[in-house]
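Reading through the structure tokens given below for one structure.
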Amino acid sequence: MPNAPSETPRLVIKGVSKIYPSVIANDNVDLTIMPGEIRAVLGENGAGKSTLMKIIYGVTHPDKGEILWEGSPVTVQNPAHARELGIGMVFQHFSLFETLTVAQNVALAVPGRLDLAGLSRRIEEISGKYGLPVDPRRLVHALSVGERQRVEIIRCLLQNPRLLILDEPTSVLTPQAVRKLFETLRQLASEGVSILYISHKLDEIQELCHTATVLRNGRVTGHCTPSQETPKTMARLMIGEDLPTFHHGEPEEGREVRLRIDGLSVKSEDPFGVDLEDVSLEVRSGEIVGIAGVSGNGQQELLRAISGEEPVPDKRWIHVCGVPAGRMNASRRRALGMCFVPEERLGRGAVPRLSLTDNVLLTAFRRKMVRFGMIRRKAAKTFADDCIRLFDVKCGGAASEAKSLSGGNLQKFIVGREILQEPKVLVLAQPTWGVDVGAASFIRQQLLCLREKGTAVLVISEELDELFEICDRLVVIAKGRLSPSKATSETGVEEVGVWMSGMWPGAEPAKDEAPHVA
Amino acid sequence: MQPSLLSAILFATIVAGTPLIIAAVGELVTEKSGVLNLGTEGIMSMGAVAAFAVTVHTGSPVLGILAGMTAGMAMGLVFAVAALTFMANQVASGLALSIFGVGLSAFIGKPYESQALPSVATWNVPGLHKLPLVGHAFFEHQGLVYFSWALLAAVAWFLYRSRLGLVLRAVGEAPVAAHSVGYNVVRIRYMAVLFGGAMAGVAGAFLSVFHTPLWVEGMVAGRGWIALALVVFATWRPARVMVGAYLFGGCMITQMFVQGSGMHLNIPSQFLSALPYAATIIVLVIISHNKATIRLNSPASLGQPFSPEA
């Protein structure tokens, strides 16, 4: 165990506070990490985890408090300074440059003369040593998310860090890739590297971390040893209350097909996108179907085709409530009773600078909010108020701008807006991405209620736990193709994980040598 | 066509393309850092008048160029302070700078309007300028023409081979990521804007001291805007900037030759005058319509302000 009492702690944080105009991100936070220790920093979205890490890495500066690095007080000026000290960080949203090669990306973080050939050799060395295969000459935009993360980690390791910070590193990986990552991290810890592991996934923390610090509302609410806790007790530390449990009835057989996709093939508009090939799927009234997959395997293209953002050439490829709808635009599909929650909240799901009321009007205007071409403000306002109340959206009222809401609250609002339209078909992409645990379980519960009322629900998500929790059936998307569907009760994380790399029974062998998986 | 006429057209084409290359390469560096400076026209005007005035008073075209460069950097600094430090809207600040520069240069230039400078001697490349056809066209130019070629090569090397060029491209691609890796985004953008300003100033100096050695109000005549368009249509690649600049210059010169030759063509002269603009845009649109190359070469953060605190 890493906690030999004679050792100097690698990093000590004492009483660090960071106050933003609207929120106290960190309030008197203490944290200590020893050499070779893997410490989890646990907390919901907005608990202050990311701010704390940015302070350690020098991206922002604390308003108060003290940082001791290997026993002596330091002020971390900026990330370059942090790297000099021996602190490396792998960001949640990768800080990679898509139009540059892997080697160039790494070069940007390594001081000294530009020597791409030499650097490429060192990249290959490190990737061999830690089992992180990646080709230094490839352009980053062509890499899968898992490969990108490897590049980030390699970039850190090249500088021989003594403290490695990982911010939600597994949110984009297949279960198999997570296991590989953990092996690498354990190897690093055994070599004496300290690791700060930020996450809200409790099972992973239990598996990997020696110790955990729990943050809530910017404050440390507890320390624990994950191996001696249960996910339930840690969840209570994290959100301050017990998580609600779900009730889940059996799906009824023989209900009508509400959404049918039949032989859909689409060439992606985006040169770095994924082509959809012969995608077929049915979603019936009163069931929730989940599409699992590592991001960047055609989910965006599929959602655009289903929602009508990119109508497809053949109208029979997509049927909504029995009507061939392939060539309809999004508005006409909505008129058939279909609603969507896109992945991107600001820009696709809501207009950032419009008020919540106006954002309601954009998709829900058919609910008697427009008469003779004139807007009925009162109806829209009532709808927005209902949505805010029923879905517990924390905001400054229906008149506040969409972009003034936090990510989780805006997501609740958007999901609420679509659910309150009582759709016949509801399609959601990443419904709980970046949403805190409490709000996420609320959203899931609402989806289950909707299912009971007979809506056909299609969920595209990267969170396997979520899919297993709410879905009746699962399919997997990989490289633009769809696997056969399986009842959730008859499959498991293990099998779906294998399918996520494109290897389901009857799948054609991969065409290119660079599969889009981690 | 006689060889001498062809040679004359080639020669004039290169002269006409030179200020476009210098200004566009400067703007290209600015835009690669993610900053859209629409002030090129105004900066060129200021560069032209400053260079002309200094050359009149000192008799030295070299000092004239330096004055044009300094004026260009001063204008660039004004833009940088507004757009980078105070994060004013880049499009609005750039347009304002253009209008401001054109107006101020007219005001400063009033006393110089009736004056003329002796034309600057050419420098013939030893040996090469004797070659048939291409000798005169390529190797009997004024110094700034050779400078524009060196500039192209240097900027291409800088962007794709040097460390600082890599950093510059990274900043333009993803400023937030560049900041988190530890680069000073605002400082790098300042440098890029100042370089772009300096080059636009030199391009202006070329016009008033070398190309037509006199000062006339409005003599930049839209070349700043053409340079801006060239950068975009060339998908931010130095070699294509050169192609576009000479294409534009070539069409311009050819149509002038045609109009001046007294050939009896049934084409309205307005159409011929519009031809260089139309041809350049059409050709560059055709060679750059590939989405992948656009995505790979365009600075993704172009025109977006960056604040290290947010």
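The values are calculated or read from the model by the stated rules, or taken from the named source; none is laboratory data. Only a predicted model underlies this, so the values are computations on that prediction, with no experimental measurement involved. Every residue, glycine as well, gets a Cβ built from its backbone with ideal geometry; the counts of neighbours run over all protein chains shown. Accessible surface areas use protein heavy atoms only, side chains included; no ligands, DNA or RNA. Shrake-Rupley method; radii C 1.70, N 1.55, O 1.52, S 1.80 Å.
For the residues A:448, A:482, A:474, the requirement of being over 30 Å from residue A:21 (Cα atoms), surrounded by fewer than 20 Cβ atoms within 10 Å (Cβ to Cβ), of a type outside the set (S, T, N, Q) and more than 15 Å from the chain's Cα centre (by Cα) singles out A:448.
Criterion first (farther than 30 Å from residue A:55 by Cβ, within 14 Å of chain A (Cβ to nearest Cβ) and not in a loop (DSSP other than H, G, I, E, B)) does residue B:197 satisfy it? The answer is no for residue B:197.
Specify which of the listed residues (A:372, A:340) is of a type in the set (Phe, Trp, Tyr) and open to solvent by 60 Å² or more (accessible area, probe 1.4 Å).
Numbers: A:340 fails: open to solvent by 60 Å² or more (accessible area, probe 1.4 Å).
Criteria check complete, one pass: A:372.
Taking the condition of being facing chain A (nearest Cβ under 9 Å) and open to solvent by 20 Å² or more (accessible area, probe 1.4 Å), how many residues in the stretch B:175-193 meet it?
Filtering the stretch B:175-193 for residues facing chain A (nearest Cβ under 9 Å) gives B:176-184.
Subset that is open to solvent by 20 Å² or more (accessible area, probe 1.4 Å): B:176, B:179, B:182-184.
Residues flagged as facing chain A (nearest Cβ under 9 Å) and open to solvent by 20 Å² or more (accessible area, probe 1.4 Å) within the stretch B:175-193 amount to 5.
The residue list A:327, A:334 contains one member that is part of a loop (DSSP other than H, G, I, E, B) and at pLDDT 90 or above, which is A:327. Remark: pairs (first residue in the stretch A:427-452, assigned to a loop (DSSP other than H, G, I, E, B); second residue aromatic (Phe, Trp, Tyr); Cβ separation under 7 Å; 6+ apart in sequence or on different chains) are absent. So for the stretch A:353-363 (the condition being in contact with a Lys or Arg (Cβ under 6 Å, 6 or more places away or on another chain), in contact (Cβ under 8 Å) with a residue 12 or more places away in the chain and under 30 Å from residue A:478 (Cβ atoms)), does at least one residue qualify? Scanning the stretch A:353-363 turns up no residue that is in contact with a Lys or Arg (Cβ under 6 Å, 6 or more places away or on another chain), in contact (Cβ under 8 Å) with a residue 12 or more places away in the chain and under 30 Å from residue A:478 (Cβ atoms).
Taking the conditions (1) within 20 Å of residue A:33 (Cα to Cα); (2) part of a loop (DSSP other than H, G, I, E, B) in turn, residue A:98 satisfies each one other than (1). Of the residues making up the stretch A:49-61, just one is more than 14 Å from chain B (Cβ to nearest Cβ) and either touching a Ser or Thr at 6+ places or on another chain (Cβ under 8 Å) or open to solvent by less than 10 Å² (accessible area, probe 1.4 Å) (or both), namely A:52.
Of all residues being farther than 14 Å from residue B:163 by Cβ, among the charged types (D, E, K, R) and more than 9 Å from chain B (Cβ to nearest Cβ) in the stretch A:95-127, which is farthest from the chain's Cα centre (by Cα)? Just the residue, please. Applying the filter and picking the extreme gives A:121.
Picking from residues in the stretch B:257-276 that are open to solvent by 90 Å² or more (accessible area, probe 1.4 Å) and assigned to a helix (DSSP H, G or I), the one that is farthest from residue B:247 (Cα to Cα) is B:270.
The single residue among A:132, A:173 that is within 25 Å of residue A:467 (Cβ to Cβ), assigned to a loop (DSSP other than H, G, I, E, B) and touching a residue at least 24 places away in the same chain (Cβ under 8 Å) turns out to be A:173.
Which one of B:163, B:169 is crowded, with 19+ Cβ neighbours inside 10 Å, out of contact with any strand residue (DSSP E or B) (no Cβ under 7 Å at 6 or more places or on another chain), within 14 Å of chain A (Cβ to nearest Cβ) and among the basic types (Lys, Arg)?
Numbers: B:163 fails: crowded, with 19+ Cβ neighbours inside 10 Å.
B:169 is the lone residue from the list that is crowded, with 19+ Cβ neighbours inside 10 Å, out of contact with any strand residue (DSSP E or B) (no Cβ under 7 Å at 6 or more places or on another chain), within 14 Å of chain A (Cβ to nearest Cβ) and among the basic types (Lys, Arg).
From the list B:28, B:6, B:66, B:20, pick out the single residue that is within 19 Å of residue B:221 (Cα to Cα), touching a helix residue (DSSP H, G or I) at 6+ places or on another chain (Cβ under 9 Å) and either among the hydrophobic types (A, V, I, L, M, F, W, C) or buried (at least 21 other Cβ atoms within 10 Å of the Cβ) (or both). Checking each option against the conditions leaves just B:20. The single condition among (1) open to solvent by less than 50 Å² (accessible area, probe 1.4 Å); (2) within 13 Å of another protein chain (Cβ to nearest Cβ); (3) more than 20 Å from residue A:296 (Cβ to Cβ); (4) of a type outside the set (Val, Ile, Thr) that residue A:157 does not meet is (2).
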